[in-house]
Each structure stands twice: as C-alpha cells, then as structure tokens.
Amino acid sequence: MHKKRVFSGVQPTGNLHLGNYLGAIKNFVDLQNKFECVYCIVDLHAITNRQDPNELKSNILETIASFIASGLDPKKNIIFNQASVAAHSELAWIFNCVARIGWMNRMTQFKEKAGANKENASVGLLVYPNLMAADILVYKATHVPVGEDQKQHLELTRDIAKKFNNDFKCDDFFPIVKPLIPKEISRVMSLRDGKKKMSKSEDSDQSRINLKDDKDLIDQKIKKAKTDNDSIPSEINGLKNRHEAANLISIYASLNEIPVDKVLNEFGGKNFSTFKSKLSESVVEKISPIGKEIEKLLKDKKYLSSILQNGSKRADIIATNNLKEVYEIIGLTKFS
Ligand code: TYM
C-alpha cells in the first residue's frame, strides 16, 4: 500500500488557457485540501520543442503565477520546476531502458506533435512519456489530475511501473497510478472547431480563452464562438454530433460545477445568443480575477522565484531518496 500522493505537471509554454484550467488546474486546487500534492512546472518537457531561452525563463514565472492566481497555496503544496530536481532526468534515463520502442511508437500525441515530418522531430519528443512517468514515479505518486489528452501517457506510466516491479522482483515498489480526469469536461475544445482540442499551439487566438484575457476579449471570443443553427436541446442525446454546442455547454457546466443535464434543463429550447451571454458572464466571473492576479504577481518576480526555490528543496528531498532506492534495486552505485 502506498501513501496517497498527488502529482501533476504543466508545461511553461506561455498562454495558459481555459483548457488547462478546467482540465487540470481547477482540479489541482480542489485536491490541495484532500491530499499531499506535488505540482511541477515541467520545463524539461517544454524543450522537446525549440524554446527561446528568455521566453522560457519568463514563461516559467508566468506559469507559477498562474498556479498561485488560480488558488494554489505554496505552503500547502510542493510547487517547483522540473529542472531544479535532477532525479527526474536520472529516473527518465532508467525508464528509457525499461520502456519498449513499440510502446513509444504507439503514443498518439507524438504522432500529432511530430506531424508529417517525424524523422525531424527531436528524440526527446519521442521519449517524452518516459520523462513524464519519471516525474510521477520519482515521488511514488498515486493520483494524477490531468485532462483526457494525457490519459495514454498515464497508461504508459502504469505499464512502466508494472514492468519495473516485475523485472526487478520488487512487487509494489512503484504504485500503479490512478488518473483523475474531470467528468463534466475532460477535453475543452477549440472555440472555432469543436473537433479540435483547445491548445496554446493553435494559430488563431480566437480559438481559446487565455487566463489573461480581459472581459472585453472574453465577451468577444464567446460571441464569435462557432455554434450551429439549432436551439439548445433539453436532453444530452440532443448534443450528439453537435461538437461546438456540446463544448460550450460542458464549459458552462464545469465552470458552475453543475451536471450537463442540469444546464440543458435550464437552457433547453433557448437559442445560443441567450446562452452565450450567460456563458460569458460565468467565464468572466471565474477567469478575469485569475488574469488580474497573474499580472499583479508577475510584478513580484522575487516572490515567485522564492516559491520555486522553496518547493524545489522540498521536492528534491523526496525524489533523491526514492531514486536512491531505485539505484539499489537495479544494482547501480554512486561513488561520488
Ligand atoms: P500540458 O502542459 O499540455 O497541459 C497541462 C494540463 O492541461 C490539460 N489540458 C487540457 N485539458 C482539457 N482540455 C484541453 N483542451 C487541455 N489542454 C491541456 C492537460 O491534460 C494537462 O493536464 N505532458 C503534460 C505535462 C506533464 C505531466 C507530467 C502531467 C509532464 N509530466 C506528469 C502529469 C503528470 C503536458 O504536456 O501537459
């Protein structure tokens, strides 16, 4: 039996959006009162694609500001950046030797991100899921709050843990992690195309609500969000094959913490313009204060760095200890 511990990570690639918030960060905040939580800014993951060094530095601070502005308490949780704790990279190498190439080749996110030019993608992008498994398992974390797009990576994490436990006959050494994926909205979709995930890498800024968008911009983006010509259905079945409609309804449900069928009860039969103004109100109410707080926190870079410093020290103690056990299990000795 493992002690319950939550771990999750967010890439510091700038422009955190409503998908990151509803899919992950909102859940981080809820969990902080129930579990011991470790939240990481995964800067080593970010460099699997080329990053401008100065932008990366400022994006790391912006991500930590977004965590705090969303309600994470740096005293309650361990909040840190991945590059500060070397044990992540060390365990990732070990997992490179545990995971099979066939497993990597099945990862849909690699295929999506590498696109047509697979031969030219970094090797880091291919073995990225092994680093992700190391992030989680170096803390022996048991629960991982993420959006649905990370589910396959967590299945891989489970496979790596099982293979390691089995290969080295150390039953139950690594826990078999449980994904915590939000029910009402596991995947927030683009406002321009309900079949595409809302994403920081999408060219059109109109496709997403950024945490830093102000009221006017939020109103404008929601007004322009794609819908269809039918009115809002009264039953969930009526949302079938209506991807854009389903997305907006789910966003509303998730922001207001009510089930989708309750939203349909309230708005069934009404047209989208009525609903959109209510949705805008909800988004502005929940997101605008976060955006304002991010701007405020970014003025105090010393404070933000001190959170990372403190969190990194706390994380390093746990991770280094667990890594030491791993080295012993596999017969490696550090003589230095
Ligand atoms: P990243 O940085 O792409 O996204 C951070 C979190 O936001 C969620 N998310 C979404 N959820 C719902 N709808 C969306 N449109 C949407 N877009 C993003 C993601 O699911 C994620 O939870 N590989 C991870 C980072 C990572 C990690 C880890 C996560 C590295 N190590 C260990 C958990 C545990 C990633 O790239 O997330």
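The values are calculated or read from the model by the stated rules, or taken from the named source; none is laboratory data. Predicted model only: the values in this text are computed from it and were never measured. Note that each Cβ is placed from the backbone with ideal geometry, even for glycine, and that neighbours are counted across all protein chains shown. The area values use the complete protein model at the heavy-atom level, side chains included, leaving out ligands, DNA and RNA. Shrake-Rupley method; radii C 1.70, N 1.55, O 1.52, S 1.80 Å.
For segment 113-207, applying the loop criterion from DSSP together with a ceiling of 16 other beta carbons within 10 Å to the trypsin sites (Lys or Arg not before Pro) yields Lys169, Lys183, Lys195, Lys196, Lys200. Below 8 Å between Cα atoms, with a sequence gap of 6+, how large is the relative contact order for segment 205-296 in percent? Relative CO of segment 205-296 lands at 42 percent.
The length gained by stretching the chain between Asp171 and Val123 to full extension, at 0.36 nm per residue less their Cα-Cα distance, is 14.2 nm. Full extension of the segment from Ser288 to Lys178, taken as 0.36 nm per residue of separation minus the current Cα-Cα distance, would add 36.4 nm. Does segment 278-336 come out rounded, prolate or oblate, given a ≥ b ≥ c as the square roots of the eigenvalues of its C-alpha gyration tensor, rounded meaning a/c under 1.5 and, failing that, prolate meaning a/b above b/c? Taking the square roots of the gyration eigenvalues as a ≥ b ≥ c, segment 278-336 is oblate.
Does anyone have the angle between helix 123-137 and the longest principal axis of the chain? Alpha-carbon axes, 0 to 90°, nearest 10? For helix 123-137, the angle is close to 80 degrees. Projecting label points 7 angstrom from Cα along Cα→Cβ for Asn310 and Thr108 puts them 4.1 nm apart. When the solvent-accessible area of segment 48-138 is split by element, carbon and sulfur atoms take up 53 percent of it, the probe being 1.4 Å. Placing a pseudo-label 7 Å from each Cα along the Cα-to-Cβ vector at Ile236 and Lys57 gives an inter-label distance of 5.0 nm. Across the chain, the longest piece that holds none of the GluC sites (Glu not before Pro) lying in DSSP loops with up to 15 other C-beta atoms within 10 Å covers 1-234. Take the cross-link list Lys162/Lys196; Lys26/Lys276; Lys76/Lys278; Lys270/Lys292 and give me the ones stretching past 26 Å between alpha-carbons. Cα-Cα > 26 Å for Lys162/Lys196; Lys76/Lys278; Lys270/Lys292; rest within. Could you compute how fast the chain diffuses translationally, taking Rh as the Kirkwood radius over C-alpha pairs and applying Stokes-Einstein at 4 °C with viscosity 1.567 mPa s? Give it in µm² per second. Result for D is 62 µm²/s.
Net charge of the neighbourhood of Leu332, taken over other residues with C-beta under 15 Å away and scored Lys/Arg +1, Asp/Glu -1, is -2. The residues of segment 205-296 present an accessible area of 51 Å² per residue when probed at 1.4 Å with all protein chains retained. Rounded to the nearest 500, the helix-only mean residue ellipticity at 222 nm of the chain stands at -16500 deg cm²/dmol, with each DSSP H run of n ≥ 4 adding -39,500 (n - 2.57). Neighbours of Gly147, meaning other residues whose beta-carbon lies under 11 angstrom from its beta-carbon, give a summed charge of +2 when Lys and Arg score +1 and Asp and Glu score -1. With all protein chains present, calculate the accessible area of Ile101 using a 1.4 Å probe and round the result to the nearest 10 Å². That residue has around 130 Å² of solvent-accessible surface. Compactness check for segment 185-278: Cα Rg over 2.2 N^0.38 Å is 1.03. Were the residues from Ile101 through Lys151 laid out at 0.36 nm apart, the gain over their Cα-Cα distance would be 16.1 nm. What pairs in Lys111/Lys200; Lys197/Lys301; Lys212/Lys262 have C-alpha atoms more than 21 Å from each other? Over 21 Å apart, Cα to Cα: Lys197/Lys301; Lys212/Lys262. Using C-alpha pairs under 8 Å with a sequence gap of at least 6, the mean separation divided by the residue count of the chain gives a relative contact order of 24 percent.
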